[in-house]
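A.B. asks: Let me give you the structure first, and then I'll get to my questions.
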Amino acid sequence: MTVHFIGAGPGAADLLTVRATRLLAASQVCLYAGTYLDAAVLEHCPQGARLVDTQVLDLDGITAEIVAAHERGEDVARLCSGDPSVYSAIAEQTRRLDAAGIPWDITPGIAAYAATAARLGRELTVPEVAQSVVLTRAQRDSTALPSGESLEAFAATGATLVLHLAIRRARELAERLAQHYGADCPVAVAYRVEQPQELILRGTLADIADQVEAHDLRQAAIIVVGWALRAEGFVESHLYSCRRLAERDDRAAADVPGGQR
């Protein structure tokens, strides 16, 4: 018996990896977060599988379901929204499984920010505009952020910023970020990206909160902030530049006796 932590991606049934669908089809129990998931994802589960929506369970309840499955000798598919490496709570879940002697593994998924960038048709790292992407969250009714990880500290770098669990504080956060990026900095909000209810909002730090409030968005959305979203006239990357390729050819020729290619 194994617990498979599976990245469910942005929640779309056709954006699961091949490995994810194989593990789902072979697991007798599936734990999933219904808040962020398109129900079609569960169609990959075998007929008669036990399906447990974890949005109504605390960590003790989730662990109890896994332990019970372990005692029955049943494999468990634990679906995590996006990719398990970010805001999936697997650290505290696997700690408990280790203590109970229950084996587990992890299958990655498509992170929500990556799915959002694809829908926007934008690269989040643009030469000489932004070369870093910061994934962070807002703090409200949640654990405290570590010292030094303030929103202002990240914003001061000018990196493309991806905010999770922040949609209910869009106005406050936009005002704080405008002090660093400028009020006209482009912003995108993705609600249930790649799902039937998908909504993509585009604006600036000056007006995005008005749009969020007009649509009454309260969950299942991320905010992307940064000039990479509207970059134009930027330099081409050195990786694929003609100059670099010519230099590579020259070096290759120099390695051939007599300089012959």
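The values are calculated or read from the model by the stated rules, or taken from the named source; none is laboratory data. Treat the numbers as computed from the prediction; the structure is a model and nothing was measured. As a convention, Cβ positions derive from the backbone with ideal geometry for all residues, glycine included, and neighbour counts pool all protein chains shown.
A.B. asks: For residues in the stretch 73-109 being of a type in the set (A, V, I, L, M, F, W, C), within 24 Å of residue 191 (Cβ to Cβ) and surrounded by 20 or more Cβ atoms within 10 Å (Cβ to Cβ), which is modelled with the lowest pLDDT? Spell out the reasoning first.
C.D. replies: Initial filter on the stretch 73-109 (of a type in the set (A, V, I, L, M, F, W, C)): 76-77, 79-80, 86, 89-91, 97, 99-100, 102, 104, 106.
Next cut, within 24 Å of residue 191 (Cβ to Cβ) only: 79-80, 86, 89.
Those still in the list that are surrounded by 20 or more Cβ atoms within 10 Å (Cβ to Cβ) too: 79-80.
On the way: 79: 96, 80: 93.
If we take residues in the stretch 73-109 being of a type in the set (A, V, I, L, M, F, W, C), within 24 Å of residue 191 (Cβ to Cβ) and surrounded by 20 or more Cβ atoms within 10 Å (Cβ to Cβ), then 80 is modelled with the lowest pLDDT.
A.B. asks: Being farther than 26 Å from residue 135 by Cβ, at pLDDT below 95 and surrounded by fewer than 17 Cβ atoms within 10 Å (Cβ to Cβ) narrows it down to one of 67, 56, so name that one. First the steps, then the outcome.
C.D. replies: Working: 67 fails: at pLDDT below 95.
Only one candidate qualifies: 56.
A.B. asks: Still on this structure, please answer the following. Could you tell me how many of the residues in the stretch 224-250 are hydrophobic (A, V, I, L, M, F, W, C), at pLDDT 80 or above and assigned to a helix (DSSP H, G or I)? So that I can check it myself, show each step before the final result.
C.D. replies: First, pick out the residues of the stretch 224-250 that are hydrophobic (A, V, I, L, M, F, W, C): 224-225, 227-229, 231, 234-235, 239, 242, 245-246.
Right, trim to at pLDDT 80 or above and you get 224-225, 227-229, 231, 234-235.
Now restrict to residues that are assigned to a helix (DSSP H, G or I): 227-229.
Counting residues in the stretch 224-250 that are hydrophobic (A, V, I, L, M, F, W, C), at pLDDT 80 or above and assigned to a helix (DSSP H, G or I) gives 3.
A.B. asks: Still on this structure: Just to be sure before I move on: is residue 169 closer than 23 Å to residue 212 by Cα and part of a loop (DSSP other than H, G, I, E, B) in the structure I sent?
C.D. replies: On the way: closer than 23 Å to residue 212 by Cα: yes; part of a loop (DSSP other than H, G, I, E, B): no.
For residue 169, the condition - closer than 23 Å to residue 212 by Cα and part of a loop (DSSP other than H, G, I, E, B) - is not met.
Conditions tested, residue by residue: (1) within 22 Å of residue 132 (Cα to Cα); (2) in a helix (DSSP H, G or I); (3) assigned by TED's automatic domain parsing to the domain that holds residue 88; (4) touching a helix residue (DSSP H, G or I) at 6+ places or on another chain (Cβ under 7 Å).
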position	(1), (2), (3), (4)
179	yes, yes, no, no
184	yes, no, no, no
196	no, no, no, no
200	no, no, no, yes
203	yes, no, no, yes
209	no, yes, no, yes
222	yes, no, no, yes
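A.B. asks: Give 214, 174 a once-over and let me know the one that is at pLDDT 95 or above and loosely packed, with under 13 Cβ neighbours inside 10 Å. I'd like the intermediate steps shown before the answer.
C.D. replies: Working: 174 fails: loosely packed, with under 13 Cβ neighbours inside 10 Å.
Result: 214 is the single residue among 214, 174 that is at pLDDT 95 or above and loosely packed, with under 13 Cβ neighbours inside 10 Å.
A.B. asks: In this structure, is residue 117 in contact (Cβ under 8 Å) with a residue 60 or more places away in the chain, part of a helix (DSSP H, G or I), crowded, with 20+ Cβ neighbours inside 10 Å and not aromatic (Phe, Trp, Tyr)?
C.D. replies: Values: in contact (Cβ under 8 Å) with a residue 60 or more places away in the chain: yes; part of a helix (DSSP H, G or I): yes; crowded, with 20+ Cβ neighbours inside 10 Å: yes; not aromatic (Phe, Trp, Tyr): yes.
In short, yes.
A.B. asks: If you don't mind, there's one more thing I want to ask. I'd like to verify a number: residues in the stretch 1-51 that are acidic (Asp, Glu) and within 21 Å of the chain's Cα centre (by Cα), how many?
C.D. replies: First pass over the stretch 1-51, keeping only residues acidic (Asp, Glu): 14, 38, 43.
Then keep just the ones that are within 21 Å of the chain's Cα centre (by Cα); that gives 14, 38.
Final tally of qualifying residues: 2.
A.B. asks: Those residues that are in a loop (DSSP other than H, G, I, E, B), in contact with a strand residue (DSSP E or B) (Cβ under 8 Å, 6 or more places away or on another chain) and more than 21 Å from residue 221 (Cα to Cα), I need them from the stretch 33-61; list them, please.
C.D. replies: Passing the criteria: 45, 49.
A.B. asks: Restricting the stretch 120-159 to residues that are part of a loop (DSSP other than H, G, I, E, B) and of a type in the set (Val, Ile, Thr), which is farthest from residue 188 (Cα to Cα)?
C.D. replies: So in the stretch 120-159, the residues part of a loop (DSSP other than H, G, I, E, B) come out as 121-125, 127-129, 131-132, 138-150, 156-159.
Now drop any that are not of a type in the set (Val, Ile, Thr), which leaves 125, 129, 143, 157.
On the way: 125: 15, 129: 17, 143: 26, 157: 19 Å.
My answer is 143.
A.B. asks: Filter the stretch 177-196 for residues that are among the aliphatic types (A, V, I, L, M) and modelled with pLDDT of 95 or more and give the result. Walk me through it before giving the result.
C.D. replies: Applying the first criterion (among the aliphatic types (A, V, I, L, M)) to the stretch 177-196 yields 177-178, 183, 187-190, 193.
Of everything in the stretch 177-196, those that are among the aliphatic types (A, V, I, L, M) and modelled with pLDDT of 95 or more turn out to be 177, 178, 183, 187, 188, 189, 190.
A.B. asks: Looking for whichever is within 19 Å of the chain's Cα centre (by Cα), in a helix (DSSP H, G or I) and over 20 Å from residue 176 (Cβ atoms) here; the options are 91, 99. Which one fits?
C.D. replies: Numbers: 99 fails: within 19 Å of the chain's Cα centre (by Cα).
Result: 91 is the single residue among 91, 99 that is within 19 Å of the chain's Cα centre (by Cα), in a helix (DSSP H, G or I) and over 20 Å from residue 176 (Cβ atoms).
A.B. asks: Kindly establish whether residue 156 is surrounded by fewer than 16 Cβ atoms within 10 Å (Cβ to Cβ), over 13 Å from the mean Cα position of the chain (by Cα) and free of Cβ contacts under 8 Å to residues at least 60 places away in the same chain.
C.D. replies: So residue 156 fits the description; yes.
A.B. asks: When you check residue 199 against the structure, is it at pLDDT 95 or above and farther than 15 Å from residue 219 by Cα, yes or no? Walk me through how you get there before you give the answer.
C.D. replies: On the way: at pLDDT 95 or above: yes; farther than 15 Å from residue 219 by Cα: no.
Answer is no for this residue.
A.B. asks: Return the pair list, or none, for Cβ contacts closer than 7 Å from residues in the stretch 182-204 that are within 15 Å of residue 171 (Cα to Cα) to residues that are among the basic types (Lys, Arg) and in a strand (DSSP E or B), at least 6 apart or on different chains.
C.D. replies: 188/202
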